[in-house]
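Encoded as C-alpha cells, the structure appears first; notes follow it.
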Amino acid sequence: MKRVLLIIVLAQFLCTSLWFAGNAVLSDLVKGIDTSSGFLAQLTSAVQLGFIFGTLVFAIFTISDRFSPSKVFFICAVIAALCNLGLSLSNGSTFTLLLFRFLTGFFLAGIYPVGMKIASDYFEKGLGKSLGFLVGALVLGTAFPHFLKSASFSFSWQYVIYITSFLALIGGGLLFLLVPDGPFRKQGQKLKWSSFFTSFRNHDFKAAAFGYFGHMWELYTFWAFVPLMLLQYQQYHKLEIFTVSLFSFLIIASGSIACILGGFLSQRFGVKKIATLALSLSGLCCILSPLAFLYSNLPVFISFLFFWGMVVVADSPLFSTLVAQNAPQETRGTSLTIVNCIGFTITIISIQSLQLVSSFILPPYGYMVLAFGPMLGVWALIHKTKKVLPKRKTL
C-alpha cells in the first residue's frame, strides 16, 4: 500500500506541474504582445475555466466512476501535456495562449480529482493522511514551474514548458502501469444525470463542501498573486532586486509540508477541527496582510508569506477527506469532481474580483478581500442545524 501511495503522489506532482507553467513564464510569453495589465488574471482564469468545464463534463458523465480511474488519469495526462506544449507554439497570439491554457485546465480535471478518487479507492482508513500527501504533491507541482524559471537563467523559457510536459507524460505513464484499480472501488453501473446532486442532501457533506468553497475563494488567488505581491513589496519599499521566481516557488511549495502535517494532525485531533483551524488562520492572514505589507522589513514579510502559504492550503486535503467520507460510495468520484468544479468556479470570481479591487485600492489593502472566503467557510463548518424532534404519535 505504501508503494501505491508513493506512486500516486509522484504522479500527481509530475502532472500538476502543468498548472502554473504559463504563470511562471508569463513575462516571456507576453513579450511583443499587446496585453492589458490584468493578463495574469486572464491567463490563470483560463486554466481554471478549463478545469471547471472539464470537471463538469466528468461529473455529468460520471467518467471516473464508470471507467478505470487509472486509464482516465493516463489519457488526460497525455493530452494535457500536449496542450501545455502548445504554449511554445503560440506565435505571439493572446487567443492561442488562452486557448491552450483552457485546454490544459480541461484535462487537468482528469488528473487532480481522479487522483484523489484513486487514493480513496485504496485507503478507506487514514484517508486524511493519504490525501495530505496527495494534495502536498499538487502544491509542489503547482510551485515547480517557478523553480524551473528561477533555475533557467541561461536557457530559453520554452524549456520550462518542455520539462513540465515531459514530466506529465512520465507521471501519467507511471500511474497507468503501476497502479491498478483499488480494492475499495465500486463501479457506477450506468449514467445518472442527477447523481452529482444527491450528495448535497447529506448535511455533513454539504458543510464540508461549503467549507471547501470558502477555502477555494482564497487559495488559487493567493497562489496566482504571490509573484505580484513580491514585486509590489519590492517596488513599494524600493528594495534591491531579489529573485521573485525562487521565492514564489518556496512560498507556494511550503504548503506541501503543511498538507502532510495537517494529515497527521487530523488523525489525532479530528479532520474537521484541523480544517477549521487552518481556515481560520489563513483568514486571519488575509486581514493582517496590510500590516505585513506596510512594514519595511523583508525577512518579516517573507516569513509572513511563508506562514500564509502553509495555512492557506493545509486544509485542502482535509476538505477532500470530509467530502469523500460523506459521499455515496458508488458516486464518490463524481461527488469529488463536482465539488472541485464548483470550487474552481469560485476561484475565477475571486481572481477577477481581486484584479478589479486592485485597480482602485492600493495593493496593501486589496488582499483583504480574500478574507470573505475563509469567514464563510468557517461559518459553514461550525454551523449546526437544529434537530427536528419527531412528532409524538397520538393514540
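Table for the structure above
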{"quantity": "Principal axis dimensions, largest first and in whole angstrom, of region 36-82 by Cα", "calculated": "43, 23, 10"}
{"quantity": "Cα pair count fraction exceeding 18 Å, expressed as % - region 53-115", "calculated": "37 percent"}
{"quantity": "Computed lengthening from residue 66 to residue 82, 0.36 nm per intervening residue step minus Cα-Cα distance", "calculated": "3.2 nm"}
{"quantity": "Taking 112, 162, 122, 233 and counting other C-beta atoms within 10 Å, the order from fewest to most", "calculated": "162, 122, 233, 112"}
{"quantity": "Spherically averaged projected area of region 241-344 from its Cα convex hull (nm²)", "calculated": "7.9 nm²"}
{"quantity": "Sites residue 156 and residue 361, calculated FRET efficiency, Cβ-Cβ separation with R0 25 Å, nearest 0.05", "calculated": "0.10"}
{"quantity": "Degrees separating the helix 316-326 axis from the principal Cα axis of the chain, which is the longest one", "calculated": "20 degrees"}
{"quantity": "Calculated SAXS-style log₁₀ I(q)/I(0) at q = 0.06, 0.08, 0.10, 0.11 Å⁻¹ - the chain, Debye, Cα scatterers", "calculated": "-0.22, -0.39, -0.61, -0.74"}
{"quantity": "Counted charge near residue 351, where neighbours are those whose Cβ lies closer than 14 Å (Asp, Glu -1; Lys, Arg +1)", "calculated": "0"}
{"quantity": "Relative contact order of the chain, defined on C-alpha pairs under 8 angstrom at six or more residues apart (%)", "calculated": "27 percent"}
{"quantity": "Degrees, to the nearest 10: 39-60 long Cα axis against longest axis of the chain", "calculated": "20 degrees"}
{"quantity": "Additional length obtainable on full extension of the chain from residue 297 to residue 206, 0.36 nm per residue less Cα span", "calculated": "28.5 nm"}
{"quantity": "Filter on 2/273; 129/238; 2/272; 149/238; 31/117; 117/273 - keep pairs with C-alpha separation over 31 Å", "calculated": "129/238; 31/117"}
{"quantity": "Residue of 215, 203, 146 that the Gaussian network model of the chain assigns the largest fluctuation, springs spanning Cα pairs under 10 Å", "calculated": "203"}
{"quantity": "Residue order, fewest to most surrounding Cβ atoms within 10 angstrom, among 282, 165", "calculated": "165, 282"}
{"quantity": "Extension reserve of the residue 75-residue 31 stretch, reckoned as 0.36 nm per residue once the Cα distance is removed", "calculated": "12.6 nm"}
{"quantity": "Shape category assigned to region 237-295 from the gyration tensor of Cα positions, a/c cut at 1.5", "calculated": "oblate"}
{"quantity": "Cα-based helix-to-principal-axis angle, 69-85 vs the chain, degrees rounded to 10", "calculated": "20 degrees"}
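Every number here is computed from the coordinates shown, using simple stated rules; none is lab data. Because the structure is a prediction, the values reported are computed rather than measured. Note: ideal-geometry Cβ built from the backbone for every residue, glycine included; neighbour counts use all protein chains shown.
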